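One structure is given here, and the rest of the page talks about it.
The values are calculated or read from the model by the stated rules, or taken from the named source; none is laboratory data. Note that the structure is a prediction, hence the values are computed from the model and not measured. Cβ coordinates were reconstructed from backbone atoms using ideal geometry, including for glycine residues, and neighbour counts include every protein chain displayed.
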Amino acid sequence: MAHRETKRQLLLQAAAEVFARQGYHATRVADIARHAGVAKGTVYEYFRTKEELFYALLDEWLNQFEEELVERLGQESDPLRQADLLREAAVLFYRRHAVHAPIFLEFWAHALRSRDGRFLERIRRFRGLLLELGTQLTAELVARGIFLPVDIPSLVSLEAGISDGIFLLWVLSDQQFPLERAYVFRQSVLGLGVLSEAARKELEQKLRQKLQEGFLTERAG
């Protein structure tokens, strides 16, 4: 069983590298087999089709992200720190898969086109978890008086949309700006808009500095 899982992971890694280089549609199962150093038939022992392999890769990556995120959030009770952990987890995940970044765009597009509803369902389930965690965290910030009363679903959905946009910009610009700073900039912009008066007095200077620094150029020093 352990040997089989090792071989499966080898095939997933090979698929990720080939998909990232050639794109999903241009990639053949034979290309993945060759890159993995196995016979083409070996791939079919684990995955019936190229699309099934593509889905397995998506599911594997999202499972890893979800498990790591939930574990990290469970170790911290302060909501402001939890907000930082959400951001840090996303940045860490995308950095880890920086060479695979174009694949995520293909996942989204494929989910909308494929007759295999698992793709869209899996992405919606992933986004549902992020929205659930974001809603819980925002509600806690409002309850503690750190955030002004706000329509929480609207704010959380806006944050998610901006985060997706940052990732898209990062990929299309060939990763020419620091992803971490871009997410901090987003957090600062939104934070200044919803902070309560008391929280603003404590955090405004720090957030305004982040706004002035931006994220498109490297800081000196």
task = Kindly indicate whether GLY37 is surrounded by fewer than 13 Cβ atoms within 10 Å (Cβ to Cβ), at pLDDT 95 or above and small (Gly, Ala, Ser).
result = yes
request  = Might you let me know whether region 53-76 holds any residue that is of a type outside the set (A, V, I, L, M), over 21 Å from PHE126 (Cβ atoms), surrounded by fewer than 18 Cβ atoms within 10 Å (Cβ to Cβ) and out of contact with any Lys or Arg (no Cβ under 7 Å at 6 or more places or on another chain)?
outcome  = yes
key: Failed condition for ALA2, given (1) crowded, with 18+ Cβ neighbours inside 10 Å; (2) over 24 Å from the mean Cα position of the chain (by Cα)   = (1)
message = Here is a list: LEU53, LEU69. Which entry is assigned to a helix (DSSP H, G or I), modelled with pLDDT of 95 or more and out of contact with any Asp or Glu (no Cβ under 6 Å at 6 or more places or on another chain)?
response = LEU53
query = Within the set of pairs 6+ apart or on separate chains, which have a first residue in region 22-45 that is in contact (Cβ under 8 Å) with a residue 60 or more places away in the chain, a second that is surrounded by 13 or more Cβ atoms within 10 Å (Cβ to Cβ), and C-beta atoms under 7 Å apart?
reply = GLY23/GLU106; TYR24/PHE54; TYR24/GLU106; TYR24/HIS110
query = If the Cβ limit is 6 Å and pairs must be 6+ apart or interchain, which residue in region 71-99 that is touching a residue at least 40 places away in the same chain (Cβ under 8 Å) and assigned by TED's automatic domain parsing to the domain that holds PHE185 pairs with which residue that is part of a helix (DSSP H, G or I) and among the small types (Gly, Ala, Ser)?
reply = VAL99/ALA20
ask   = Restricting attention to region 73-123, and to residues there that are acidic (Asp, Glu) and assigned to a helix (DSSP H, G or I), which single residue is farthest from GLN176 (Cα to Cα)?
value = GLU121
ask   = Got a number for residues in region 1-44 being over 20 Å from LEU105 (Cα atoms) and either in the same structural domain as HIS100 (by TED's automatic domain parsing) or assigned to a loop (DSSP other than H, G, I, E, B) (or both)?
value = 4
Those residues of region 89-119 which are surrounded by 15 or more Cβ atoms within 10 Å (Cβ to Cβ) and under 30 Å from LEU141 (Cα atoms), in sequence order = ALA89, ALA90, VAL91, LEU92, PHE93, TYR94
request  = Looking only at region 142-157, decide whether some residue is within 12 Å of the chain's Cα centre (by Cα), assigned to a helix (DSSP H, G or I) and under 14 Å from ALA83 (Cβ atoms).
outcome  = no
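Taking the stated definitions as given, is SER157 closer than 25 Å to ARG72 by Cα, of a type in the set (Gly, Ala, Ser), in the same structural domain as ASN63 (by TED's automatic domain parsing) and surrounded by 13 or more Cβ atoms within 10 Å (Cβ to Cβ)? Can you show your working first?
On the way: closer than 25 Å to ARG72 by Cα: yes; of a type in the set (Gly, Ala, Ser): yes; in the same structural domain as ASN63 (by TED's automatic domain parsing): yes; surrounded by 13 or more Cβ atoms within 10 Å (Cβ to Cβ): yes.
So SER157 passes the test.
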request  = Filter region 43-52 down to residues that are surrounded by 15 or more Cβ atoms within 10 Å (Cβ to Cβ) and either of a type in the set (Lys, Arg) or over 24 Å from ALA16 (Cβ atoms) (or both), then give me how many there are.
outcome  = 1
